[in-house]
Amino acid sequence: MSDISKKIDAQRREMPEPYEGNRPIPWLVILIVASIFAWAIGYIAYTHQSNPPAYGDRRSAADFIAASPAGGALDGAQIYASHCVACHQATGLGLPGVFPPLAASEWVTGPGELAIQIVLHGVSGSLTVGGTTYNGQMPAFKDKLKDEEIAAVLSYVRGSFGNSAGKVDAASVAAGRAATKSQAQPWNGEAELKALK
């Protein structure tokens, strides 16, 4: 027997080379997945969830709408949560070395007119709070908040976080806004703010 025929015989005895075949998904698996999908669609379409709000966090859509000034006092806590909490935190303690605290701050508990000016025009530059100097920038809210909203948030801050300063009314905010309407830039730190005391 020749060498060539020996090689051919050896190749015939070996298993064929593996190849990637076409193996379709079994029909049973397709039927099971399609049944589950159809059931899920039907469940969503025909099941009406009418759970009372008590099952959730006990709030409804009306709880997220601020009361208008004609309908009662604005919620200063809600305005604080919307505009102030990112920097001054929910506790009013700020971020050490970055954002000053509102708790026990002489700028918050001092004259209401001073706090009004800080919120109206913002502050840029160094400001000492509780013996720590902060060198940052607070944005102006004169174009973002109405007089009633500024009064509400200031009244909230001056009476929260351990503070016990008096409330601020919208008339005082309007007077402060009118008195400093030419102020285009933020107050230059405590250098300018001390002159307002």
request  = All but one of (1) more than 30 Å from residue 171 (Cα to Cα); (2) among the aromatic types (Phe, Trp, Tyr); (3) at pLDDT below 85 hold for residue 64, so report the exception by its number.
outcome  = (1)
query = Quick check, is residue 74 modelled with pLDDT of 90 or more and not in a helix (DSSP H, G or I)?
reply = no
Matching residues in region 154-197 - criterion: being over 21 Å from residue 125 (Cα atoms) and among the polar types (S, T, N, Q) = 155, 160, 163, 164, 172
query = Name the residues in region 129-171 that are of a type in the set (S, T, N, Q) and in contact with a helix residue (DSSP H, G or I) (Cβ under 6 Å, 6 or more places away or on another chain), would you?
reply = 155, 163
query = Inside region 73-101, can you point out the residues that are under 19 Å from the mean Cα position of the chain (by Cα) and of a type in the set (A, V, I, L, M)?
reply = 77, 79, 81, 85, 86, 90, 93, 95, 98
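One line per residue, one yes/no per condition, for (1) crowded, with 16+ Cβ neighbours inside 10 Å; (2) not in a strand (DSSP E or B); (3) not aromatic (Phe, Trp, Tyr):
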| site | (1), (2), (3) |
| --- | --- |
| 90 | no, yes, yes |
| 102 | yes, yes, yes |
| 127 | yes, no, yes |
| 150 | yes, yes, yes |
| 178 | no, yes, yes |
| 184 | no, yes, yes |
task = Report yes if residue 115 is aliphatic (A, V, I, L, M), free of Cβ contacts under 8 Å to residues at least 12 places away in the same chain and not in a loop (DSSP other than H, G, I, E, B), otherwise no.
result = no
note = residue 162 passes all but one of the listed conditions (1) over 14 Å from residue 76 (Cα atoms); (2) assigned to a helix (DSSP H, G or I); the exception is number (2)
key: Residues (under 28 Å from the mean Cα position of the chain (by Cα), among the polar types (S, T, N, Q) and farther than 13 Å from residue 115 by Cβ) located in region 161-187   = 164, 185
message = Among the residues that make up region 125-139, is at least one of them farther than 20 Å from residue 87 by Cβ and small (Gly, Ala, Ser)?
response = no
query = Has region 117-127 got any residue that is closer than 19 Å to residue 163 by Cβ and either at pLDDT below 90 or in contact with a Ser or Thr (Cβ under 9 Å, 6 or more places away or on another chain) (or both)?
reply = yes
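The values are calculated or read from the model by the stated rules, or taken from the named source; none is laboratory data. All values derive from a computational prediction rather than experimental measurement. Please note: Cβ atoms are built from the backbone with ideal geometry, for glycine as well, and neighbour counts cover all protein chains shown.
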